[in-house]
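Throughout, read-outs are computed from the coordinates displayed, never taken from laboratory work. Predicted model, so just to flag it, every value in this text is computed and none were measured. With ideal geometry, Cβ positions are generated from the backbone for all residues, glycine too; neighbour counts draw on all protein chains shown.
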């Protein structure tokens, strides 16, 4: 057998008849059987997308202050506190990003880089109804383009808001129950899981 | 009572969409849009309930969800006010607090014994003789009280919602709509909260030809068109809390709204009038009648008498005439009735007797009003008696200022308006319309806009001060309208004169209580229970205050009012708590355990397999072949930096300076009072890189402990909780090395990878951290891998172990195996007062270290001597005592059992227990009291299985 990486909700996605492809060592859900409906949910309603395959590189210590201006291909930086930040990295760019940051780290005292890709589950909640779903689970308020840390459904999360919805990063062990929480809260808005195909189109 | 032949254009009911529901086993026809009350009244049901104490028949009264008269059990949910509950097809509605029915109630016998129930009767009678109280209590509880929770009804789904808004407007009536529109036009994001299912407030249920009705329709259209106004209908703001947080309940959903500004435009609470038999079915408030006529198309009676005190009452009388109801008379408490009003002209044209300075004195009837006696307001002069089946009371109301009062405002009584007005409002709070004592139709709209603009002032870039000033000047130019009469009590009249319909408190009860010395409004409330029922004073507070003022020769201002506290309306506990999110954790191999039909239990929020088959079979596999257990739930903390050893020496009681790379050590942590709070292992992966494991439930506490002790120091240590990042399994048993050997090229020889060794390397192509650890007492390898490989790793290990008949084992088997080795579990075998010396961990305490957390306390404990010890025991006759049961000596408890199991391998019942240190010797008998039986056991001070550890050390 070849090692294959699976997100924390892989078995839940399989239950929803997800179709998987292997990319960058991950089994990723591309659709749940109806790409058009998933796309409609993203555009007009609300959809839940698993992003467990995103890489995460945590930076700790004194060098965090200098990282916001550091360009890393395929990655975005989110500063959590002055001495703790996280790079969210596309899986294909993860190795290069890690190497680049390690070289940037060398010689810096009290500064650390930790690959936490396996520690986080990540979801996108997309669509015009995304805020309506989220407000059932959390009192978090975050502006478009900003991020914050908050409790969502009782789970501590990093919440990032885009113009299309919200992205959540949280402890991987909560993946299954967070999936349930979002799907349950979104039921009244016709939430549906969406795969990469709907996202790409 | 029946449906109007032609529904008004303002109706909410769609007669083309019939619905059916069940009331007390009877089929009731309704239409879409009906409330349960409107449908019942259209079907001729006029007695909706029995009163709280005297079981008097009660009918539709307020129609706005305030009074207790229409409370029923709807689909298993008690105390639902059916005047606000929309009909759903197939719903089941039952009466409550009447045997067998509201129409014929055996409990009405209590009316004959009303002399036993004066004000504060529970302080005076029934509690003596003392032994009779349980009998009385049983009866009183049966007779009094509200609905009963039906335990068979499945729990409802409750939800919670969090919203934010610049301005929240409470009340969707004319002033609320104007306020919302004003604030929205000023650029604020607005949330409009309306109790009813429709917008428009009392203008909406006026005659559809009225100017008010047309104005609110237009306002609603404008509000709906605004993208920055969120409208919540069927939602009641029940509390205004610190920081302008509003608690709102919308059906079974609790909405918490954080607002920058709050406008309260919740109108008035229409109130009844105190006169003889004022609680008879057929006596309704004016707004209840208008709702029935203009919203639901139901005719509430055939022949009506209207008693009013303001021009709105004239509109009610006119509406009745429009609906074909005969109006026998219109009595107004004012000295003069304005002849120029269109409504007065209509009444006169229809020959309705207009009686100024007249009020209701008493009503007659047994189960329904048959006649009313009217008399002069002054109390001197002739009374007249009129037959009727409907008496409408439209005698004003109290501004609904409860929310702003909760926010810090005070109610000041305005003598000329006869109502309490909110002043000294809290920061960011505004009041508008009827709630603000503004009752003129045009002024209500102007005041709403003024409040909306004022609330939005400063939130946007545009200054609206000029428009606000203009609105204020226009408001002052409009005439002031007074709704309320000078008194809320009729001068005389026969029959019970109810002040509080919720608690069956009469005027006599209130007067008696005052005479007994309870003449302060707060003590009067508590003693007489007036205003303590389901309406919480909405219907009765002003009457009670008025009577109290009259009886004590004080003004109403001097008498004061009671304090308003949340919730404004009764809320179910379910709605208050909302949906409870209790997140559980799943291990990376969760799906595999499910596929194996493991019995999964919740431990420290984790879902863990307790067993797959049975502990005997699973433990045999571990002892004889090989077993696999998921240990992903172990806490894991990554430590890096030049000062890790300093930190470890600080937080552990044992020493870490001499730990070599590739070695693991068991460690114990104590708090500063020397109490053991966690244990685990710590491995040195590199020169400045350590990997700590903690107990499953202790990792968050340990992480905080480490970081808190780091704070303020200059230690160079990077502490990261990596529990989520790793999955873990323990391959245990004599064939474990062979199974693992199939998957890795690492040298597993005991010389290269000895007991308590650790190594990093590839297992089945996956980068892993491996430990040789023996928690279950056999040769064991703990393998930690990135959690996204969880399913893969489980599969490859199970596959590799097939030829050795590998078995997965669960937590229950692990507990037996660790007990055989006398390995303790912190938190189960220890408690909040256990120091390491007592818990057989003295070997780990290194007093030769310069310092560690708890050192001083443990040292003192050692000096004072150890009085209790944790020991193993074997029961003589195979009993397994319950965990937590007492170890007894001479009739006293001297210890307790912390763990006990039957060991299939040893064929003995074994356990751990706290005993006096004098008893902590091999073979000492101890006596355990378990499940009411005596259990004799013998102390064992060494591990029950493989005491030398030869098997796990390999």
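Springs join every pair of Cα atoms under 10 Å in this Gaussian network model of chain A, and among A:17, A:164, A:147 the largest mean-square fluctuation is at A:17. Label positions at residue B:795 and residue A:201, each projected 7 Å from the Cα along the C-beta direction, are separated by 2.9 nm. Each label point was placed 7 Å from the Cα along the Cα-to-Cβ direction; for residue B:440 and residue B:929 their separation is 8.2 nm. Once the Cα atoms are used to define both axes, helix B:855-864 deviates from the longest principal axis of chain B by about 70 degrees. Please compute the contact order of chain B in relative form: average sequence separation of alpha-carbon pairs under 8 Å and at least six residues apart, divided by the residue count, as a percent. Relative contact order of chain B: 9 percent. Highest mean packing comes first when the peptides B:739-750, A:130-141 are listed by Cβ atoms within 10 Å, giving A:130-141, B:739-750. The value of relative contact order for chain A, using C-alpha pairs under 8 Å at least six residues apart, is 27 percent. Largest first and in whole Å, the equivalent-ellipsoid semi-axes of the range B:867-954 read 23, 15, 10, each the square root of five times a Cα gyration tensor eigenvalue.
Please report the antiparallel percentage of the DSSP beta bridges confined to chain B, to the nearest 5. The antiparallel fraction comes to roughly 75 percent. Between residue B:605 and residue B:218, the FRET efficiency from the beta-carbon distance, with R0 = 51 Å, is close to 0.40. Relative contact order (percent) for the range B:272-395, with alpha-carbon contacts under 8 angstrom and 6 or more residues of separation? Taking the mean separation of contacting Cα pairs over the length of the range B:272-395, I get 35 percent. Working note: 222 nm ellipticity from helices only, DSSP H runs with n ≥ 4, each -39,500 (n - 2.57), summed and divided by the residues of the protein assembly as shown, gives -7000 deg cm²/dmol to the nearest 500. Taking every pair of alpha-carbon atoms in the range A:55-115, give the share separated by more than 14 Å as a whole percent. Counting every Cα pair in the range A:55-115, those more than 14 Å apart make up 46 percent. Eigen-decomposition of the gyration tensor built on the alpha-carbon atoms of the range B:498-574 gives equivalent ellipsoid semi-axes of 22, 13, 10 angstrom, largest listed first.
When Rg and Dmax are taken over the Cα atoms of chain B, they come to 38.3, 116 Å. Computed from the Cβ-Cβ distance with R0 of 35 Å, the FRET efficiency linking residue B:906 to residue B:597 stands at 0.80. For the range B:296-329, the residues whose backbone nitrogen is under 17 Å from a point 7 Å from the Cα of residue B:340, taken along Cα to Cβ, are B:311-312. Within 10 Å of the Cβ of each residue in A:3-9, the mean number of Cβ atoms contributed by other protein chains is 6.
Our estimate of slack between residue B:226 and residue B:469, defined as 0.36 nm per intervening residue step minus the Cα-Cα distance, is 85.0 nm. Per-residue packing, averaged as other Cβ atoms within 10 Å, sorts the ranges A:109-122, B:242-255 into the order A:109-122, B:242-255, beginning with the highest. Projected onto planes of every orientation and averaged, the convex hull of the alpha-carbon atoms in the range B:116-246 covers 14.6 nm².
Of the residues B:133, A:26, the one with the fewest other Cβ atoms within 10 Å heads the list, and the complete ranking is B:133, A:26. The mean number of partner chain beta-carbon atoms within 10 angstrom of a residue's beta-carbon across peptide A:166-172 is 3. One Cα centroid belongs to the range B:13-59, the other to the range B:431-471; the line between them spans 40 Å. In terms of Cα atoms, the Rg and Dmax of the protein assembly as shown work out to 37.6, 116 Å. The range A:131-201 and the range B:594-645 have Cα centres spaced 30 Å apart. How far is helix B:699-710 tilted off the main Cα axis of chain B, in degrees rounded to 10, range 0 to 90? Tilt relative to chain B: about 80 degrees. Across peptide B:583-594, the mean count of Cβ atoms from other chains lying within 10 Å of each residue's own Cβ comes to 5. Against chain B, whose longest principal axis is taken from its Cα atoms, helix B:133-143 shows a tilt of about 60°. Ordered by the number of other Cβ atoms lying within 10 Å of each residue's own Cβ, fewest first, B:508, B:538 fall into the sequence B:508, B:538.
Ranked for footprinting exposure by Cβ neighbours inside 10 Å, fewest first, B:606, B:709, B:843, B:794 give B:843, B:709, B:606, B:794. Full extension of the chain segment joining residue B:427 with residue B:461 gains 10.2 nm, where the gain is 0.36 nm per residue of separation less the Cα-Cα distance. Computed from the Cβ-Cβ distance with R0 of 41 Å, the FRET efficiency linking residue B:867 to residue B:142 stands at 0.15.
Of the peptides B:427-437, B:922-932, the ranking by mean beta-carbon count within 10 Å, highest at the top, reads B:427-437, B:922-932. On the principal axes of its alpha carbon atoms, the range A:15-106 extends 48, 28, 21 Å, with the longest extent given first. Length gained on full extension, residue B:946 to residue B:477, computed as 0.36 nm times the residue gap minus the Cα-Cα distance: 159.0 nm. Among A:23, A:161, A:172, the largest mean-square fluctuation in a Gaussian network model of chain A, built with springs joining Cα atoms closer than 10 Å, belongs to A:23.
With q set to 0.21, 0.22 Å⁻¹, the log10 of I(q)/I(0) for the range B:692-749, from the Debye formula over equal scatterers at the Cα positions, is -0.86, -0.89.
Spin-label pair residue B:704-residue A:66: with each label point 7 Å from Cα along the Cα-Cβ axis, the two points sit 3.5 nm from one another. How big is the gap, in Å, between the Cα center of the range B:649-670 and the Cα center of the range B:372-405? Cα centroid of the range B:649-670 versus Cα centroid of the range B:372-405: 84 Å apart. Treating each Cα of the range B:585-818 as one equal point scatterer and applying the Debye formula with no solvent, the log10 of I(q)/I(0) at q = 0.12, 0.15 Å⁻¹ comes out as -0.65, -1.00.
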